[in-house]
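Working notes, beginning with the structure itself.
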Amino acid sequence: MIRSEVRDRVAIVTIDNPPVNALPVAGWFRLADTVRDLGRDPHVHVLVLRAEGRGFQAGVDIKELAADPTKEALIGVNRGCYQAFAAVYECEVPVIAAVHGFCLGGGIGLAGNADIVVASEDATFGVPEVDRGALGAATHLARFVPAHKLRALYFTGATVTAAELHAYGTVERVVPREQLLDAALGIAGVIAAKSTLVIRRAKEALNMIDPVDVKRSYRFEQGFTFELNLHGDSDELRQAFVEKRDARLDG
């Protein structure tokens, strides 16, 4: 589900959970622990976060949530996402997200908290949470697009292409899919060759001057997800997604 290796002072963390790399509760915590541990390793100077398969990451495992009437999975996955997103943001070394195919929901949380994003030409980014009866990751989508574009994407559930984000300057490079890992490793190599002490302090300093506290902002969003789960629409939207049918909504 989560693999890692280190090459020439560059850690590569790979998400590999077919069919769409959606992660269950345990997967989010495993990803958080992996990123934190590698960031603390003095022999690691940069971390590349990538994925195998059809796309980068499609968020949480909706089927796991729909199958748990106790809501424990919902609580667990919210905490797991919070920990994984924070681990990327707080990683002691720069994190480069290499995004291909779809980057949705939780994928936006991961890529949005990375320091640098490179993407394949077929990459698309979006937050379909409103269609699943949840909220979240607007904090991280806001790091990719201007304010009004954020609202349009959030309310409609639409996606934006890597080329559009490159025009905004929030995706560093867009390359053919077969060149994606090499592109990420090329940037990583430039950073890895520098003093890791200086780069680690630079990462810490940049986080400290961020205008938005991404951890607090995302936690605030999560409160609305819990509120929505007190109403019937969220359960029905999740079940409809699992059953591949239109939701039957009251309101």
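Assuming 0.36 nm per residue, please report the length gained on full extension of the stretch residue 37 to residue 122 beyond their Cα-Cα distance.
Values: separation 85, 0.36 × 85 = 30.60 nm, distance 3.12 nm.
Difference between extended and current length: 27.5 nm.
If exposed means no more than 11 neighbouring beta carbons inside 10 Å and the site is in a DSSP loop, what's the longest run of the chain without any exposed trypsin sites (Lys or Arg not before Pro)?
On the way: sites that count: 244, 245, 248.
Free of exposed loop sites, the longest segment is 1-243.
For a test of the definition: using alpha carbon positions, the gyration tensor, and the 1.5 limit on a/c, classify region 1-75 as rounded, prolate or oblate. Mind showing how you got there, number by number?
Values: a/c = 4.18, a/b = 1.90, b/c = 2.20.
Judged from the Cα gyration tensor, region 1-75 comes out oblate (a/c at least 1.5, b/c at or above a/b).
Could you tell me the calculated FRET efficiency between residue 67 and residue 236, based on Cβ-Cβ distance and R0 = 22 angstrom, to the nearest 0.05? Intermediate results must be reported in sequence, preceding the final value.
Numbers: r = 15 Å, r/R0 = 0.68.
Result of the calculation: an efficiency of 0.90.
Can you match mean projected area of the Cα convex hull in nm² to one of these, [x] 19.0; [y] 12.0; [z] 12.7, based on a calculation from the structure here?
Structure-derived value, by its label: [z].
Is the C-alpha gyration tensor of region 87-228 telling us rounded, prolate or oblate? Criteria: a/c under 1.5 is rounded; beyond that, a/b larger than b/c is prolate, otherwise oblate.
On the way: a/c = 2.26, a/b = 1.30, b/c = 1.74.
It comes out oblate by the Cα gyration axes.
Using +1 at the C-beta of Lys and Arg and -1 at the C-beta of Asp and Glu, which of 109, 152, 225 has the Cα lying farthest in the positive direction of the dipole of region 104-251?
109
What's the tally of Lys pairs in the chain whose alpha-carbon atoms lie under 17 angstrom apart, where the two lysines are 8 or more places apart or on different chains? Before the final figure, lay out the partial values.
Details: 63/71; 63/244; 194/203; 203/215.
Lysine pairs meeting both conditions in the chain amount to 4.
In deg cm²/dmol, rounded to 500, what helix-only [θ] at 222 nm does the chain give when every DSSP H run of at least 4 residues adds -39500 (n - 2.57) and the total is split over its residues?
Numbers: 11 runs with 122 residues, N = 251.
Estimated from H runs of four or more residues: -15000 deg cm²/dmol.
To the nearest 0.05, how large is the calculated FRET efficiency for residue 168 and residue 210 if R₀ is 25 Å and r is the Cβ-Cβ distance?
Numbers: r = 18 Å, r/R0 = 0.70.
Given R0 = 25 Å and the Cβ-Cβ separation, E is 0.90.
I need 85, 56 ordered by Cβ neighbour count within 10 Å, fewest first.
Values: 85 26, 56 30.
Least to most surrounded, the residues fall as 85, 56.
With N set to the number of residues, divide the alpha-carbon radius of gyration of region 1-138 by 2.2 N^0.38 Å and report two decimals.
Values: Rg = 14.2 Å, N = 138, 2.2 N^0.38 = 14.3 Å.
In units of the globular-protein estimate, region 1-138 measures up at 0.99.
Divide the volume of the convex hull of the Cα atoms of region 123-200 by its number of residues and quote the answer in cubic angstrom per residue. Kindly include the intermediate steps, with their values, before the conclusion.
Details: hull volume 9.5 nm³, N = 78.
Given the Cα convex hull of region 123-200, per-residue volume reads 122 Å³.
Multiply the residue gap between residue 6 and residue 149 by 0.36 nm, knock off their C-alpha separation, and tell me the result in nm, one decimal place.
On the way: separation 143, 0.36 × 143 = 51.48 nm, distance 3.74 nm.
Net length gain for the segment: 47.7 nm.
Tell me, in nm to one decimal, what length is gained between residue 194 and residue 130 on full extension, where the rule is 0.36 nm per residue of separation less the Cα-Cα distance?
Between residue 194 and residue 130, full extension yields 18.8 nm more.
Values quoted throughout were computed directly from the atomic coordinates according to the rules given, and no laboratory measurement underlies them. This is a predicted model, so every value here is computed, not measured. Note that each Cβ is placed from the backbone with ideal geometry, even for glycine, and that neighbours are counted across all protein chains shown.
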